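The values are calculated or read from the model by the stated rules, or taken from the named source; none is laboratory data. Owing to the predicted nature of the structure, the values given are computational and were not obtained by experimental measurement. Please note: Cβ atoms are built from the backbone with ideal geometry, for glycine as well, and neighbour counts cover all protein chains shown. Only protein heavy atoms, including side chains, enter the accessible area calculation; ligands, DNA and RNA are left aside. Shrake-Rupley method; radii C 1.70, N 1.55, O 1.52, S 1.80 Å.
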Amino acid sequence: MPWTRRHLLTIEELSLAEIEQIHATAVAFKSTLTRSVKKVPALRGKTIVNLFLEPSTRTRLAFDMAAKRLSADVISLDGSSSSTTKGETLRDTAQNLQALQADMIVIRHAAAGSPLYLSRILNIPVINAGDGAHEHPTQGLLDTFTMKERLGCLRGRKVVILGDILFSRVARSNIHALTKMGAAVTLVGPSTLVPQWFTAMGVRVSHDLRGALADAEVVMLLRIQHERQAAGLFPSIGEYTSMFGLNKTRASWLNPKAIIMHPGPINRGVEIDSELADGDRSVILQQVTNGIAVRMAVLYLCAGGQPENVTPAPATETSRPAGAE
Ligand code: CP
């Protein structure tokens, strides 16, 4: 099946086959990341603009790294140094970037729907790097990619997502990806942050942390999104941690083979204790590394590349796997 999408806006709109195409393409690109010569020429001559109007460390740097590994030119613009601080609109900013001959825009914005809006007014591909509490599709893709690396096929696998689901774009993107891939997803947290209506997305909602952890093969922690939520959804951070923070005692309820994930940034000692974040079962830094390969796949495909042109690299320094000319 050829890849036909120009934009990556949500996981909700992707088919299972498209998710698998991105993952398969990322597998091939990942094989390039450990070579001494890490660049492939797939996007040589293209210019990608990272427009980050909300703070980011992992996503922005991984998109930056991914574009460079594909030999694209990369320009980054953040909110505090752009003319949005002087009142310029998102529309004007984006149209100026297109006029400056950008070939693709990666956008992070606090407003849900802003990537969709740009996709309708621009003639170039738009990639969503997180829009408000709506979606963070490349995070959902890299998280499920990491789970597949550790567990194989996700059909029937039991995944617990624990924390602030209500305000989490990461949770929404993971729910869409995981349910399409056949995983059994349970959301856990205080009822104010994990309301029952999430069951309409094909997941289970539970407030029984011990029971959910005992059953889990994957537990994904989410931080409290202070920047998005109103006060009063739980009494205090200390009480949240005492009820739902993952500590050594609660981790002992997990199956010994269960893996621990977190999209970052971590609030150590709040949603997860350091010894677990840094422990043997944690795949948190593997998630970060996989973010490069997955974003290489997304940039490559949305720029017009085809999955069948990407083959895993033989282990030689001169091989050129991805979009090789
Ligand atoms: N996971 C994630 O989106 O992290 P950043 O906010 O640092 O990009």
Could you tell me which residue of region 41-89 is farthest from the ligand (Cβ to nearest atom), considering only residues that are open to solvent by less than 30 Å² (accessible area, probe 1.4 Å) and over 23 Å from the mean Cα position of the chain (by Cα)?
Pro41
Among the residues in region 10-32, are any modelled with pLDDT of 95 or more, within 16 Å of the ligand (Cβ to nearest atom) and closer than 18 Å to Gln139 by Cβ?
yes
Could you check how many residues of region 132-175 are without any contact (Cβ under 8 Å) to a residue 60 or more places away in the chain, within 12 Å of the ligand (Cβ to nearest atom) and touching a Lys or Arg at 6+ places or on another chain (Cβ under 7 Å)?
0
Scan Leu233, Leu193 and give me the residue that is open to solvent by 40 Å² or more (accessible area, probe 1.4 Å) and either among the acidic types (Asp, Glu) or modelled with pLDDT under 95 (or both).
Leu233
Restrict the check to region 214-231 and report whether at least one residue is farther than 20 Å from Ile284 by Cβ, acidic (Asp, Glu) and away from the ligand (no atom under 16 Å from the Cβ).
yes
